Protein chains: 2
Amino acid sequence: MPSLSLRIDLDPDGRVGPGKIELLEHIAAFGSISAGARQMNMSYKHAWGLVEEMNRLFGRAVVDAQKGGAHGGGAGLTKLGMELVTRYRAIERAAESAAADHLSALQRVIESAD
Amino acid sequence: MPSLSLRIDLDPDGRVGPGKIELLEHIAAFGSISAGARQMNMSYKHAWGLVEEMNRLFGRAVVDAQKGGAHGGGAGLTKLGMELVTRYRAIERAAESAAADHLSALQRVIESAD
């Protein structure tokens, strides 16, 4: 069955999709970038690169790297980061609900004989 | 202002997003893969690769390359290809409508002072 995924496109040509949103959720849940990255089997370096990309895209921080040790210092989401996750998930729910009938119809055409 | 873009995800790990949909629309409008590609400043080879990728993803043809010359033979969308474009655009309209308030709220947070 086809499913839907969303990207929020930002000027000039960056976007935030399901991977970055999931990373932010894990950072929020586990309290650090390194722990969040680990949950996704992602290197710290890659996770940090994604966070920096989002900070740059929005012109504001989405993650607040609090004071802490050089390795594994605590981190949480800023107000912007929290809004981003919350709004993304709300849009996703609304879009999935709006898309359900269309995706079912598409699946029927895929499965049909001609 | 942030905007939304959609991908329809298909097993195992392929997807159809705005670029492929636009290509299909141009193929339908101009009656050939080469003319559709030209409208998007895309090489014929690249366009053909995208069409083949969709045919493979769906296990069925989305474009019907009709009999014609070796170069620029006519082409149109199959029933599946037409359904794909129509359903994608319908989902997009519904999702954009559902997302509008969330995207405005996000924009306000991006622009706010803290």
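The values are calculated or read from the model by the stated rules, or taken from the named source; none is laboratory data. Because the structure is predicted, anything quoted here is derived from the model rather than measured. Reconstructed Cβ throughout: ideal geometry from the backbone, glycine too, with neighbour counts over all protein chains shown. These area figures cover heavy atoms from the full protein model, side chains too; ligands, DNA and RNA do not enter into them. Shrake-Rupley method; radii C 1.70, N 1.55, O 1.52, S 1.80 Å.
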Q) Can you find a residue in the stretch A:55-69 that is touching a Ser or Thr at 6+ places or on another chain (Cβ under 9 Å), closer than 30 Å to residue A:110 by Cβ and not acidic (Asp, Glu)? A) no
Q) Name the pairs: first residue in the stretch A:74-98 and more than 23 Å from residue A:64 (Cα to Cα), second residue crowded, with 17+ Cβ neighbours inside 10 Å and β-branched (Val, Ile, Thr), Cβ to Cβ under 9 Å, at least 6 apart or on different chains? A) A:91/A:8; A:92/A:21; A:95/B:91; A:98/B:91
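Let's see how each residue does on (1) open to solvent by less than 10 Å² (accessible area, probe 1.4 Å); (2) not in a loop (DSSP other than H, G, I, E, B):
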{"position": "B:6", "(1), (2)": "yes, yes"}
{"position": "B:21", "(1), (2)": "yes, yes"}
{"position": "B:24", "(1), (2)": "yes, yes"}
{"position": "B:35", "(1), (2)": "no, yes"}
{"position": "B:55", "(1), (2)": "no, yes"}
{"position": "B:60", "(1), (2)": "no, no"}
{"position": "B:91", "(1), (2)": "yes, yes"}
Q.
Can you confirm whether residue B:38 is closer than 21 Å to residue A:106 by Cβ and basic (Lys, Arg)?
A. no
Q: Select from the stretch B:37-52 the residues that are assigned to a helix (DSSP H, G or I) and either surrounded by fewer than 16 Cβ atoms within 10 Å (Cβ to Cβ) or out of contact with any Gly (no Cβ under 7 Å at 6 or more places or on another chain) (or both) and list them in ascending order.
A: B:37, B:38, B:39, B:44, B:45, B:46, B:48, B:49, B:50, B:51, B:52
